[in-house]
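Down below is the structure, laid out as structure tokens.
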């Protein structure tokens, strides 16, 4: 399976998950949900084998979700590209 097909399959699974009671939508929203809007796949945006710069110590990063709350994530490294 090529990268574009993997991306399309991922998007389909994500949209299907949004329609479940475990997803982020209310019952009313799920009833009318038609899927998220996505940019077309582009091979220029595929990143492979990027070097990961490890951090000396882990950091916790708070990221706001679309529901308005925040989730904590551990930042363990950095990637860079040109």
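Just the residues that are modelled with pLDDT of 90 or more and under 17 Å from the mean Cα position of the chain (by Cα), please, taken from region 24-40.
At the first step, the residues of region 24-40 found to be modelled with pLDDT of 90 or more are 25-40.
Once the filter is applied, which keeps residues that are modelled with pLDDT of 90 or more and under 17 Å from the mean Cα position of the chain (by Cα), region 24-40 yields 25, 35, 36, 37, 38, 39, 40.
Looking at the structure I just gave you, is residue 6 surrounded by 10 or more Cβ atoms within 10 Å (Cβ to Cβ) and assigned to a strand (DSSP E or B)?
Criteria not met by residue 6.
Go through region 51-82 and report how many residues are assigned to a loop (DSSP other than H, G, I, E, B), more than 18 Å from the chain's Cα centre (by Cα) and modelled with pLDDT of 85 or more. So that I can check it myself, show each step before the final result.
Keep residues of region 51-82 that are assigned to a loop (DSSP other than H, G, I, E, B), which gives 51, 65-69, 80-82.
Add one more test, that the residue is more than 18 Å from the chain's Cα centre (by Cα), and what stays is 51, 80-82.
Pick out the ones that are also modelled with pLDDT of 85 or more and you get 51.
The total comes to 1.
What are the residues in region 29-82 that are exposed (fewer than 10 other Cβ atoms within 10 Å of the Cβ), out of contact with any strand residue (DSSP E or B) (no Cβ under 8 Å at 6 or more places or on another chain), more than 25 Å from residue 5 (Cα to Cα) and without any contact (Cβ under 8 Å) to a residue 24 or more places away in the chain, if any?
Once the filter is applied, which keeps residues that are exposed (fewer than 10 other Cβ atoms within 10 Å of the Cβ), out of contact with any strand residue (DSSP E or B) (no Cβ under 8 Å at 6 or more places or on another chain), more than 25 Å from residue 5 (Cα to Cα) and without any contact (Cβ under 8 Å) to a residue 24 or more places away in the chain, region 29-82 yields 31, 32, 56, 57, 68, 69, 82.
Taking the conditions exactly as written (free of Cβ contacts under 8 Å to residues at least 24 places away in the same chain, surrounded by 11 or more Cβ atoms within 10 Å (Cβ to Cβ) and in a loop (DSSP other than H, G, I, E, B)), does residue 25 satisfy them or not? If you could, list the steps in order and put the result at the bottom.
Details: free of Cβ contacts under 8 Å to residues at least 24 places away in the same chain: yes; surrounded by 11 or more Cβ atoms within 10 Å (Cβ to Cβ): yes; in a loop (DSSP other than H, G, I, E, B): yes.
Considered against the rule, which asks whether it is free of Cβ contacts under 8 Å to residues at least 24 places away in the same chain, surrounded by 11 or more Cβ atoms within 10 Å (Cβ to Cβ) and in a loop (DSSP other than H, G, I, E, B), residue 25 comes out as yes.
The values are calculated or read from the model by the stated rules, or taken from the named source; none is laboratory data. Model, not experiment: these values are computed from the prediction. Positions of Cβ are backbone-derived with ideal geometry, glycine not excepted, and every protein chain shown enters the neighbour counts.
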